[in-house]
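Working notes, beginning with the structure itself.
The values are calculated or read from the model by the stated rules, or taken from the named source; none is laboratory data. Being a predicted model, the structure only gives us computed values, none of them experimental. No Cβ is skipped: glycine too gets one built from the backbone with ideal geometry, and neighbour counts run over all protein chains shown. What goes into the accessible areas is simple: the full protein's heavy atoms, side chains included, and nothing from ligands, DNA or RNA. Shrake-Rupley method; radii C 1.70, N 1.55, O 1.52, S 1.80 Å.
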Protein chains: 4
Amino acid sequence: MTETKEHIPAYQRRKADRPVEILQAALEEFHAHGYAGAKPDRIAKRAGVSRSTLYLYFDNKDALFEAVAEKAMGTFVDEIAESTISFTGTTEELVRQLLERFYDMILTTKNSAMMRILIAEGPSRPELVRRYHALVIRKGHVALEKIVARGIERGEVRKSAATTVPQLLIAPALFFLIHKMVFGDLEELEVESYLTAHLDMLFNGIGVKMRA
Amino acid sequence: MTETKEHIPAYQRRKADRPVEILQAALEEFHAHGYAGAKPDRIAKRAGVSRSTLYLYFDNKDALFEAVAEKAMGTFVDEIAESTISFTGTTEELVRQLLERFYDMILTTKNSAMMRILIAEGPSRPELVRRYHALVIRKGHVALEKIVARGIERGEVRKSAATTVPQLLIAPALFFLIHKMVFGDLEELEVESYLTAHLDMLFNGIGVKMRA
Amino acid sequence: MTETKEHIPAYQRRKADRPVEILQAALEEFHAHGYAGAKPDRIAKRAGVSRSTLYLYFDNKDALFEAVAEKAMGTFVDEIAESTISFTGTTEELVRQLLERFYDMILTTKNSAMMRILIAEGPSRPELVRRYHALVIRKGHVALEKIVARGIERGEVRKSAATTVPQLLIAPALFFLIHKMVFGDLEELEVESYLTAHLDMLFNGIGVKMRA
Amino acid sequence: MTETKEHIPAYQRRKADRPVEILQAALEEFHAHGYAGAKPDRIAKRAGVSRSTLYLYFDNKDALFEAVAEKAMGTFVDEIAESTISFTGTTEELVRQLLERFYDMILTTKNSAMMRILIAEGPSRPELVRRYHALVIRKGHVALEKIVARGIERGEVRKSAATTVPQLLIAPALFFLIHKMVFGDLEELEVESYLTAHLDMLFNGIGVKMRA
DNA sequence: AATGAATGAGTGTTCATTCAT
DNA sequence: AATGAATGAACACTCATTCAT
């Protein structure tokens, strides 16, 4: 059935590209306007197709949204989880590497879009929240736990109240993400010094240590 | 608490109560559904009035939203800023007190509603973002800076990379807020141990200190 | 006079005045905005009473409108009809007098309000049109016919095609009325010279008469 | 023509027809109910489309109204203005021709619709009034002035009070228009005899001329 | 007699979606 | 595969009207 219609105009866009383009356009739209505020009209325009074409690939706005969410719940966590396993350096180096990638991801926006969507639409989409939790949060938690355990084993990390809540490792990064997302236009947090401060606090705390 | 009150006849209720009830109902609705998803219909029902009564007190959905936001941009920051001035104990005690109040506020939900609204509607409401930034973020930042400066002065806080970014003091609390807001139904973070861990990390860091 | 009266306390005002004031206010409102565009709210304000008071005197907007119309279908025609009977001067004097009063009435606006209402609302109010026709148009027609007949009898008016349509006597005045009503703000027709011209055309025509 | 067309499926009809059909339907609706009373619902039904299709072609009710008005402020005046220039007969013939066309136009209803709209909506649409005045009234005035001047030049028209107000030439026709519009259902003015009478009065007046 | 508070029915308009081509 | 044209259902909002006082 591919050969029958060979009278396609000069620009030959591949059929397979369409869904990808639409998903990308939709992610941007959902990020910018939230679910309810997102207009198929605009998604179509962004994707360079007609409004009706959207419905050729996705049953409806909701299905499109789910597809977008699915795609965005990406591979990030898996990647860092894997890279942790083979890491051979110190915990500080490991965490620094992890956080560098994390802040980098934040600045790449795509996943922050997902975060916004999740926060905004969560209450009306428990299933989406459940999936995200299973695919991202839980896995992330496990990965962080491993890092901490490894650190303790290696004598680089204190076994303490702080280390019972491994999320604290990345909590400041979420703050950074939210801040950038909401107040980014008004006041930019400089990522490098923020990261430095983050690591400093993480490893050394802010308190003055008095040791004999 | 979303119950629909109905039994007291309209004419017996006092006019002055109306805006308060409506604002409360609207806050809940905006929190639950975001701006676009919020239906005047439901707000009215929640407030125990008819749809048109809403418009007796607020010009339109937008005005209602602004009023809700205004009200929620509460006095919290001012209160803690003030209480810091007169504090006489150690920095650790001061920060503990601050965070206890902060986590308490989070669990009181109202302000987390505001946070969700801000994250979700921010892109389409720069003015709201600007006001929140001026009223809450900026003031909060100043208050945190003072705490850090006071700590350094008193020799309780290290002058370090970490202390150049005073937001780090409360960053983990925002993580807690977001987590509770989005994943609260799936996995509860126990506030007391989280707070303990937060403080531990904040003051001591997670790293093993080796001093001579 | 469209001022909103306010200073006299309600209890001092006489009950009997209320309907009159309301009708006056309603006439102005209907004149200014048409039936559909007229708002009970504004009528009440103009009349210096509360919205609900309107409904104390008139069942609903429609009834109020009918009452206004009724009142405006005034006595004007009857008056001029009567004054014609007793007139003893020439036809030209009679017609001049009639038209002077007619133009005067036009400039007093109240009846032009009625005309506007009739034109605008006529299609949806056949009954109103019927009543106006019976009370004003028909009577006016009869009065004009009498004037013409009297003129012919007295040898002051030609029996001609023109005199078979007695409405022609006042037709130019309606033009004046409409013009003032619609374009009055843009281009004022000076009433005195218009009246002079009207009478001149009426009695002499514009044509050059060539008689042997 | 108020019939609702239904049988031709929407997709078979041609896009170009839509605005024309809608405008026609809207003219009828505005004519029948005034601006405020006109319901998009009914316009759509009259035009044989769905309510939302209206908004595909016109931004809103107001824009639709303006388009209707624009279209109705037709070419009539220009046409008669032009035809006057080349006319070679007597003034009486010229005026008769003009009036015949004028009365014919009146009976064709479309422009009388415009007149009703103008009278009814004028107060709340000064801009519309201004445009109509510029496009129709002013031009008409100039055209009438030319006719009178030509008549005087040719010795067929008296230079007199009457001829200083050229609107008097068509004033009786406006009376006819209004009468037909408002009272047409109750009492028909027979156009031919009315026109004859109109011309008679115009040229000869109603007065008895006594010349030596 | 008069009104402040409230509302149900309806308004113009938008939106996600469909359908014949 | 892709679309221009069209629409039903829902939306935020207004309005004439009611009702207990």
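The C-beta contact set for segment D:52-75 (first residue closer than 14 Å to D:L135 by Cα, second residue within 16 Å of DNA strand F (Cβ to nearest atom), distance under 8 angstrom, 6+ apart or interchain) comprises D:K71/D:L23.
Among the residues of segment C:191-202, some residue qualifies, meaning at least one is open to solvent by 20 Å² or more (accessible area, probe 1.4 Å) and more than 23 Å from D:D200 (Cα to Cα). Filtered by the rule that a residue be part of a helix (DSSP H, G or I) and without any contact (Cβ under 8 Å) to a residue 24 or more places away in the chain, segment A:102-117 gives a lone residue, A:D104. The residues of segment C:64-90 that are more than 17 Å from C:V142 (Cα to Cα) and among the aromatic types (F, W, Y) amount to a single one, C:F65.
If the condition is being more than 7 Å from chain B (Cβ to nearest Cβ) and not acidic (D, E), then segment A:153-173 contributes A:R154, A:K159, A:P166, A:L169, A:I170, A:A173. Summed over segment C:152-194, residues that are in a loop (DSSP other than H, G, I, E, B), farther than 14 Å from C:D104 by Cα and either among the acidic types (D, E) or without any contact (Cβ under 8 Å) to a residue 40 or more places away in the chain (or both) total 12. Condition check for B:E156 on (1) over 15 Å from A:L189 (Cα atoms); (2) surrounded by fewer than 17 Cβ atoms within 10 Å (Cβ to Cβ): one failure, at (2). With a requirement of 3 or more residues that are away from DNA strand F (no atom under 16 Å from the Cβ) and open to solvent by less than 50 Å² (accessible area, probe 1.4 Å), the helices (runs of 4 or more DSSP H) lying completely within segment B:23-90 that satisfy it span B:76-85. Filtering segment C:24-37 to residues that are within 16 Å of DNA strand E (Cβ to nearest atom) and closer than 16 Å to C:Y57 by Cβ leaves C:Q24, C:A25, C:A26.
On inspection, A:I119 does not qualify as under 30 Å from B:N204 (Cα atoms), in the same structural domain as A:H179 (by TED's automatic domain parsing) and of a type in the set (A, V, I, L, M, F, W, C). Being crowded, with 20+ Cβ neighbours inside 10 Å, of a type in the set (S, T, Y) and facing chain D (nearest Cβ under 7 Å) is a condition met by no residue of segment C:126-148. Restricting A:D59, A:D78 to residues that are closer than 22 Å to A:M114 by Cβ, at pLDDT 95 or above and of a type outside the set (S, T, N, Q) narrows the list to A:D59. For A:R130, are the conditions met, namely being of a type in the set (K, R) and within 16 Å of DNA strand F (Cβ to nearest atom)? No: the conditions fail for A:R130. Restricting segment D:38-74 to residues that are away from chain C (no Cβ under 14 Å) and in contact with a Pro (Cβ under 7 Å, 6 or more places away or on another chain), the residue that is farthest from DNA strand E (Cβ to nearest atom) is D:Y57. Of the set (1) within 28 Å of B:E93 (Cβ to Cβ); (2) open to solvent by 60 Å² or more (accessible area, probe 1.4 Å); (3) facing chain B (nearest Cβ under 7 Å), all apply to A:G207 but (2). For A:G122, the test of being within 12 Å of chain B (Cβ to nearest Cβ) and in contact with a strand residue (DSSP E or B) (Cβ under 6 Å, 6 or more places away or on another chain) is failed.
Close contacts from segment C:17-33, counting a first residue that is assigned by TED's automatic domain parsing to the domain that holds C:D62 and a second that is open to solvent by 30 Å² or more (accessible area, probe 1.4 Å) and at pLDDT 90 or above, with Cβ to Cβ under 7 Å and a gap of 6+ residues or different chains, come to C:R18/C:Y57; C:P19/C:Y57; C:I22/C:Y57; C:A25/C:R46; C:E28/C:R46; C:E29/C:R42; C:E29/C:R46.
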